[in-house]
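Here is the structure we will look at.
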Amino acid sequence: PVQVVSDTRRLSDVEWFRDVYGDVVQTVRVVATEETRKRRDWVFVAGVDDAESECGLDQGVTFDWVITNDGDELSLDEQLDALLRWLRGRL
């Protein structure tokens, strides 16, 4: 009853899942501020981080769930708990 796809990179990927599976598709985006990402040793690399495979979903997708992962473990746990409750409710 539930299938999890851990990574899509392009709008066409999301559109395909929505076309094939319809309303059961839930999209989840995990975000962190640029400051947080830099604290985690991320460094922007031109030609990589601005490629469609990295930023193709920055526009054009309305995500069902947006999970903020900026280092606040309690907040992250609460967000993930809500998502898991929703998933369990569909089983």
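The values are calculated or read from the model by the stated rules, or taken from the named source; none is laboratory data. Fair warning: this is a prediction, and the values are worked out from it, not measured in the lab. Reconstructed Cβ throughout: ideal geometry from the backbone, glycine too, with neighbour counts over all protein chains shown. Keep in mind that these areas ignore ligands, DNA and RNA; they rest on the heavy atoms of the full protein, side chains included. Shrake-Rupley method; radii C 1.70, N 1.55, O 1.52, S 1.80 Å.
Taking the helices alone, the chain has a mean residue ellipticity at 222 nm of -12500 deg cm²/dmol, built from -39,500 (n - 2.57) per DSSP H run of at least 4 residues and averaged over all its residues. The structure-derived value of Kirkwood radius over Cα pairs in Å appears in the list [x] 14.9; [y] 13.4; [z] 15.3 under the label [x].
Annotation note: chymotrypsin sites (Phe, Trp or Tyr not before Pro) in region 32-91 located in DSSP loop regions with a Cβ neighbour count of at most 14 within 10 Å are TRP42, PHE44, PHE63. Within the accessible area of the chain, the carbon and sulfur atoms contribute 50%, probe 1.4 Å, all protein chains present. Normalised per residue, the accessible area of the chain is 77 Å², obtained with a 1.4 Å probe and no contribution from ligands, DNA or RNA.
Around the amide H of ARG29, modelled in the peptide plane, lie the amide H atoms of TRP65, VAL66, ILE67, all under 5 Å away and 5 or more residues distant in sequence or on another chain. Taking every protein chain into account, the 1.4 Å probe leaves ASP7 with about 90 Å² of accessible area, to the nearest ten.
Computed extension length for SER12-THR68: 17.8 nm, one decimal, from 0.36 nm per residue of separation with the Cα-Cα distance subtracted. Around the Cα centre of the chain, unit charges on the Cβ atoms of Lys, Arg, Asp and Glu (plus for the first two, minus for the last two) sum to a dipole of about 280 debye. Remark: relative contact order (the chain) = 41 percent; criterion is Cα-Cα distance under 8 angstrom and separation of 6 or more residues.
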